[in-house]
Amino acid sequence: MTEQDLFLRLHELSESDADGLRKLAEEIGVICREPASTILTEWVGGPPGRQIPCAFVCSHLKELAVAEMLLQTDSVAPALRVQLMEMVATQQLVFRELMLTALEPLLRDFTPTGTTGLTGDLRTCDAAYLLVRRIVRPSASEADQFSSEDQFKALEEIQRDDEINRWLLSETWKEILPDPA
Amino acid sequence: MENLLTPEAIRERLSSLREMDFAGAEKLAMDIAKYARVPLWAFGRLLQWPGYPDRSKAEFVLKLLGELSILPWLAASTKLGGEPRIQSLSEAFRLYQELDRRVIEKLRGMLKEQTPLPPPDVPGPIEVPVPVTRECDEAYLLLRHLHRPDEAEADDRRNRLSFARLGEDDRDRFIRHYLDTGEFQ
């Protein structure tokens, strides 16, 4: 399926055609996941000499292999189940790192989002901060410096700025994304 | 783009690889990913236009693709501003959280499994034997790693080794404590 094929298919389907959209999602799912499924089947059932290349290919397929690896864990030997779960967990941590990298610059973006908190408009930095805090738990020694989500939403703008600044300077955050300066 | 990597073609490429041919294996992975990622990158591009007429249909399809949609939403977010950017990141987060839930559920299920795992295949003599662990021990260590992903690598390694060297009863106690409290000792 090319990019043009996809755009055309989407365009031709009506918004109310849930079955058609589901079928498209299924086709895309097959395109994305079938190769990893083939590799995993060979890994599990193929000759022993194929295990190393299959493991190597699977680890390089990253997000394309996650769902298939999770599926296979039900039907493989314990050692392989552990190996598959290690690969899944590694990819999960890659997703986490990518999300935090995408959120980091927004912690200094004061543009209003158009959504409202208890004390007025939430800005991009506020929304980004709330997402970051759902992903990262502060270290035990710093936990009491930061408010819960509801408490944060109830803060005045200047107090939210203070908290975000404190977060950016915290050891918790610096250990994840050290300041390049 | 025609898909030349059918399951048969992939099996053929795999069977022609020697066991340690990592360059060949990497080339195969790249060829697979190049084709398999086309629709995902197309979605990533499409989502960059908040006013794209077929956007709601694209969002419907992406919801059905689960964890495959995380990267398209993240890619789109880099080109958007304001509320649409936050919405993209929130959607990526929602999918990430959903995957996290599945992974943790699976690992918690493995905490019941006591089968000893074969020791790693290390060629030649070794000074200190690698401790034998069970499936539940490895699941516990993975859960701990996911719970403390920012722990320094050296600390994580040290913790893994000291846990693996504990007796089975002590390891069971750690696992029970996690199951009872959701916390790691």
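Please identify the longest segment of chain B free of exposed GluC sites (Glu not before Pro), where exposed means a DSSP state other than H, G, I, E or B and no more than 10 other Cβ atoms within 10 Å.
Value returned for the longest uninterrupted segment is B:3-126.
Restricting to DSSP H runs of at least four residues, report the calculated mean residue ellipticity at 222 nm for chain A, -39500 (n - 2.57) per run over all residues, nearest 500 deg cm²/dmol.
It lands at -20500 deg cm²/dmol.
What do you get for chymotrypsin sites (Phe, Trp or Tyr not before Pro) in segment A:93-181 restricted to DSSP loop and a cutoff of at most 12 other Cβ within 10 Å of the site's Cβ?
Those that pass, being in a loop and sparsely packed, are A:110.
Using square roots of five times the C-alpha gyration tensor eigenvalues, list the equivalent-ellipsoid semi-axes of chain B in whole Å, biggest first.
They are 39, 27, 14 Å, listed largest first.
Say the dipole of the protein assembly as shown comes from +1 at the beta carbon of Lys and Arg and -1 at that of Asp and Glu; which of A:73, B:74, B:90 then lies farthest toward its positive end?
Checked the options; the winner is A:73.
Quick check: Cα centre of segment A:59-103 to Cα centre of segment B:79-98, how many Å?
Going from one Cα centre to the other spans 21 Å.
Can you compute the helix-only [θ] at 222 nm over chain B? Use -39500 (n - 2.57) per DSSP H run of at least 4 residues, normalise by all residues, nearest 500 deg cm²/dmol.
For chain B, the value works out to -20500 deg cm²/dmol.
Relative to the Cα centre, what is the charge dipole magnitude of segment B:54-108, using +1 at the beta carbon of each Lys and Arg, -1 at the beta carbon of each Asp and Glu, and rounding to the nearest 20 debye?
Charge dipole of segment B:54-108: 80 debye, to the nearest 20.
Report, in debye and to the nearest 20, how large the dipole of the protein assembly as shown comes out about its Cα centre when Lys and Arg carry +1 and Asp and Glu carry -1 on their Cβ.
Charge dipole of the protein assembly as shown: 380 debye, to the nearest 20.
Give me the summed buried accessible area for the A-B pair, 1.4 Å probe, to the nearest 100 Å².
Answer for the A-B pair: about 6700 Å² buried.
Taking each residue of A:78-91 in turn, how many C-beta atoms of other protein chains fall within 10 Å of its C-beta, and what is the average?
6
With angles folded into 0 to 90 degrees, how steeply does helix A:157-169 sit against the dominant principal axis of chain A? Use alpha carbons for both and round to 10.
Relative to chain A, helix A:157-169 is tipped by roughly 60 degrees.
On a 0 to 90 degree scale, rounded to 10, what angle separates helix A:124-135 from the longest Cα axis of chain A?
60 degrees
Would you work out if the protein assembly as shown is rounded, prolate or oblate? Take a ≥ b ≥ c from the square roots of the eigenvalues of the alpha-carbon gyration tensor; rounded if a/c is under 1.5, else prolate when a/b is larger than b/c, oblate otherwise.
Oblate, because a/c is 1.5 or more while a/b does not exceed b/c.
At a probe radius of 1.4 Å, what is the per-residue accessible area of residue B:170, in Å² to the nearest 10?
Its accessible surface works out to 60 Å², give or take rounding.
Which residues' amide hydrogens lie under 5 Å from the amide hydrogen of residue A:139, considering only partners 5 or more residues apart or on another chain, with H built in the peptide plane?
A:172
Beta carbons within 10 angstrom, averaged per residue: use that to sort the peptides A:28-38, A:99-109, highest first.
Result, highest mean first: A:28-38, A:99-109.
Identify, among B:115, B:39, B:184, the residue whose Cα sits farthest towards the positive end of the charge dipole of chain B, taking +1 on the Cβ of Lys and Arg and -1 on the Cβ of Asp and Glu, with the dipole about the Cα centre.
Projecting each Cα onto the dipole axis, the largest value belongs to B:39.
What do you get when you divide the Cα radius of gyration of segment A:81-181 by 2.2 N^0.38 Å, with N the number of residues?
For segment A:81-181, the normalised Cα radius of gyration is 1.19.
Using the Cα centre as the reference, give the magnitude of the dipole from point charges on the C-beta atoms of chain B (Lys, Arg: +1; Asp, Glu: -1; all else neutral), rounded to the nearest 20 debye.
660 debye
From the gyration tensor of the Cα coordinates in chain A, what semi-axes in whole Å does the equivalent ellipsoid have, largest first, with each one equal to sqrt(5λ)?
40, 26, 14
Counting partner chain Cβ atoms within 10 Å of every residue's Cβ in B:104-117, what's the average?
Taking all residues of B:104-117 together, the mean is 3.
Taking only protein heavy atoms into account and a 1.4 Å probe, give the accessible area per residue of chain B in Å².
53 Å²
With angles folded into 0 to 90 degrees, how steeply does helix A:18-45 sit against the dominant principal axis of chain A? Use alpha carbons for both and round to 10.
So the helix axis and the longest Cα principal axis differ by about 60 degrees.
Would you please name the trypsin sites (Lys or Arg not before Pro) within segment B:79-185 that are DSSP coil residues with at most 16 other C-beta atoms within 10 Å of their C-beta?
Qualifying residues, ordered by number: B:79, B:112, B:165.
Let's test the formula: R0 of 45 Å, r as the Cβ-Cβ distance of residue A:93 and residue A:12. What FRET efficiency results, to the nearest 0.05?
0.70
Not counting ligands, DNA or RNA, and with a 1.4 Å probe, what is residue B:63's accessible surface area in Å² rounded to the nearest 10?
Accessible surface of residue B:63 is approximately 110 Å².
Let me confirm one metric for peptide A:21-31, namely the mean number of other chain beta-carbon atoms within 10 Å of its residues' beta-carbons.
Taking the mean over all residues of the peptide, I get 5.
Distance between Cα centroids, segment A:16-55 to segment B:1-38: provide it in whole Å.
Between the Cα centre of segment A:16-55 and that of segment B:1-38, the gap is 13 Å.
The values are calculated or read from the model by the stated rules, or taken from the named source; none is laboratory data. The model shown is predicted, which means the values in this text are computed figures rather than measured ones. Using ideal geometry, Cβ is built from the backbone for each residue, glycine included, and neighbour counts are taken over all protein chains shown. To get the accessible areas, we keep the full protein, side chains included, count just its heavy atoms, and leave off ligands, DNA and RNA. Shrake-Rupley method; radii C 1.70, N 1.55, O 1.52, S 1.80 Å.
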